[in-house]
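The values are calculated or read from the model by the stated rules, or taken from the named source; none is laboratory data. Since we're looking at a predicted model, the values are computed, not measured. For neighbour counting, all protein chains shown are included, and Cβ atoms are generated from backbone atoms with ideal geometry for every residue, glycine included. For the accessible areas, the whole protein counts, side chains as well, though only heavy atoms, and no ligand, DNA or RNA atoms are used. Shrake-Rupley method; radii C 1.70, N 1.55, O 1.52, S 1.80 Å.
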Amino acid sequence: MVTTTSPIKAESRDLNFYYSNGHKALKGITMPLYEKRITALIGPSGCGKSTFLRCFNRMHDLYPGNSYEGQIVMHPDNTNILDNGVDPIEVRMRISMVFQKPNPFPKSIYENVAYGLRVRGERNKRAVDDKVEEALKGAALWDEVKNRLHDLAFNLSGGQQQRLCIARALATDPEIMLFDEPTSALDPIATANIEELMSELRNKLTILVVTHNMQQAARVSDYTAYMYLGELIEYDDTDRIFTNPSRKETEDYITGKFG
Amino acid sequence: MTTQVLQKPIDLPISPRLAKNVRRHVLERVIEFILMLAALSAVATTIAIVVILLYESLSFFEHVSIIDFLTDTQWTPLFEDAHYGILPLVSGTLTTSAIALGVAIPLGTIGAIYLSEFASHRTREIVKPILELLVGVPTVVFGYFALLFVTPLLQMIFPELPGFNMLGPGIVMGIMIIPYISSVAEDAMRAVPMSMREGSYAMGATRFQTAVRVVTPAAISGIIAAYILGISRAVGETMVVALAAGQQPNLTFNPMESAATITAYIVQVAMGDLPHGSIGYQSIFAAGLVLMLMTLVFNILGHITRKKFRETY
Ligand SMILES: Nc1ncnc2c1ncn2[C@@H]1O[C@H](COP(=O)(O)OP(=O)(O)OP(=O)(O)O)[C@@H](O)[C@H]1O
Ligand SMILES: [Mg+2]
């Protein structure tokens, strides 16, 4: 199985998920996320990758009628973040997310990055300034925007906007960062930038990334999970998944015979 | 570089599939013409109104100097000792409108935020039709409501409040305008893409923080449009003030006094039987012109603000 020296940061245990229309989108998924490693989720469209990812920050709670079954346990504190007694806002304070399409707020570059701090009630201007700079540097955007921090974020290019969203997610020091196809709306150069960024972030936090791009999964991730029709078909070291998968379905998908 | 000899364009045969279909072409032109007529009718009406206003006002200003019109502090065109100072009507219009907007803008905005961001689907289905019903109530009803219910109620708090005053009708006008503001503002807020809200929630924001810090600024241009509509409604509203504010032109900004607005004056005179062409008759056009200019100024200011905040997503 998996070769690792890293502790588990979070793990889903026998996770089922039902959409409000009764559709069972996840079927008994048990899978670890290793600390300070990148885990990639691959699989054909509609297999439940986004659904699984969005369980980790309780995004599904925003829509009435969705329900979870099973657990997602976070370590080292052993909290089941799907527990009814756990406030989804607390979960989102620890686990942040970057979306498929850049979705900056209608605010300045600075205020976009400061948003997470503001909603946490941070008032100290120096502290916010420092965090914003640190996050923008972490997202490799600082040099491009340092002279126009107070411009509207919409004036940035698509790739810059996505890095801004990464900076926004970084500013609050999350333990885990979720990426849902973060480069699918970007050109190859912007994509390469984001991939490089993810590799750098690997030193700081745990990453779960959904991607349709096999090369991307192979390039950036340590572990890869292949999902199909709401089930986890195979989970292993990325190298093994791409060179010597143990399941035929995985191989077919990766070699393009299917999907 | 080689110079090329210009060639005579060759007559390429047009494929029958690309050739003009005459019938379709004619039909399309006819439809276009009808649509243009419909659009033009609105424009033509507006132009006609402006022309008539200007024309009658011109005759008015042949008798009354513009200086007097703009500086005299009395408006008594129908009295023996006639004064033609528009200021008392303007002050009445501005005061009642300000009171109305003071009520309608906060409540309308809160209502829009509630309906768009907090209310469940079911609540919305119940509340919206009720609000729309409020729009359908004739303004005369609101006028009597102000005169016979709200003013007496206010008199319990302010015993010295006269029976005709600007406060009561101002408040009622505000209530009347709430649905306009809330429904236009709500539409603007609901048009904000879900992905933007998700971005906010994903940062750990609460519903309230998301509504106020992300959705409202994202919808700001539509919300300002709602305010412009509200202002136009307030400035142009007639019946409520005509009934409950007293029809006494009075240069004051004190809501506790009675006063007349431009519209109240117009309806008061128009209902009497002034001879065509008399100064009193022409004065309503001059007053109407001022009203139109005021509305225009508010609209332009609103558009400038909207431009400044124009959202893009
Ligand atoms: N809001 C919803 N209500 C009901 N069913 C949904 C909803 N969202 C997604 N689904 C269904 O759940 C399944 C998983 O969807 P999901 O979006 O997780 O797929 P995905 O793997 O992320 O696909 P893609 O690669 O296209 O993004 C699909 O069958 C989809 O139709
Ligand atoms: Mg998806």
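Quick notes on this structure:
- From phi via Karplus (6.51, -1.76, 1.60), per-residue ³J(HN,Hα) for the range B:230-241 in Hz, x at Gly/Pro: x, 4, 4, 4, 5, 5, x, 5, 10, 4, 4, 6
- Net length gained if the chain between A:E231 and A:V2 were fully extended (0.36 nm per residue, minus Cα distance): 80.5 nm
- Across the range B:219-253, the residues whose backbone nitrogen lies under 11 Å from the label position 7 Å along the beta-carbon direction of B:A191 are B:219-226.
- Tilt relative to chain B, helix B:167-190 - C-alpha long axis, 0 to 90 degrees, to 10: 10
- Estimated 222 nm signal from helices in chain B, with DSSP H stretches of n ≥ 4 weighted -39500 (n - 2.57), rounded to 500: -21500 deg cm²/dmol
- In the range B:188-264, the convex hull through the Cα atoms has an average projected area of 7.2 nm², a quarter of its surface area.
- Cα pair count fraction exceeding 28 Å, expressed as % - chain B: 56
- With semi-axes defined as the square roots of five times the eigenvalues of the C-alpha gyration tensor, the equivalent ellipsoid of the range A:35-103 measures 20, 16, 13 Å, largest first.
- Relative packing of peptides B:235-244, B:149-158 - highest average C-beta neighbours within 10 Å first: B:235-244, B:149-158
- Considering only alpha-carbon pairs that sit under 8 angstrom and 6 or more positions apart, the relative contact order computed for chain A is 27 percent.
- In a fully extended conformation the segment linking B:I49 and B:F118 would gain 20.5 nm over its present Cα-Cα distance, using 0.36 nm per residue.
- Averaged over B:273-283, number of beta-carbon atoms from partner chains that fall within 10 Å: 0
- Less than 5 angstrom separates the built amide H of A:V98 from those of A:L178, A:F179, A:D180, all sequence-distant by 5 or more or on a different chain.
- In the structure shown, the pairs A:K101/A:K137; A:K107/A:K204; A:K24/A:K107; A:K125/B:K308; A:K9/A:K131 are assessed against 32 Å; a Cα-Cα span above that value is assigned to A:K24/A:K107.
- Distant-in-sequence amide H partners of A:Y34 (H built 1.01 Å from N, under 5 Å): A:K9
- Chain A: C-alpha pair distances exceeding 32 Å, %: 21
- Helix B:87-113 vs. chain B, principal-axis angle (Cα, 0 to 90°, nearest 10): 60
- At 1.306 mPa s and 10 °C, Stokes D of the range B:22-63 from Kirkwood alpha-carbon radius, µm² per second: 125
- Rounded to the nearest 10 Å², the accessible area of B:E32 at probe 1.4 Å: 110
- Label zone of A:D83 (point 7 Å out along Cα→Cβ, amide N under 18 Å): in the range A:48-73 this covers A:56-58, A:68-73.
- Model label sites at B:L148 and A:K146, defined 7 Å from Cα along the beta-carbon direction, differ in position by 7.3 nm.
- Binning the C-alpha pair distances of the protein assembly as shown at 10 Å intervals from 0 yields a P(r) profile of 3, 13, 18, 16, 13, 14, 12, 7, 3, 1, 0 %, listed from the shortest bin outward.
- Candidate cross-link partners of B:K128 among the aspartates and glutamates, defined by an alpha-carbon separation under 16 Å and a same-chain spacing of 8 or more, comprise B:E117, B:E186, B:D187.
- The alpha carbon radius of gyration of the range A:46-165, expressed as a multiple of 2.2 N^0.38 Å, is 1.23.
- Farthest toward positive dipole pole in the protein assembly as shown [+1 Lys/Arg, -1 Asp/Glu at C-beta], among B:V240, B:G302, A:V220: A:V220
- On the basis of the beta-carbon distance and an R0 of 35 Å, B:V127 and B:S278 show a calculated FRET efficiency of 0.10.
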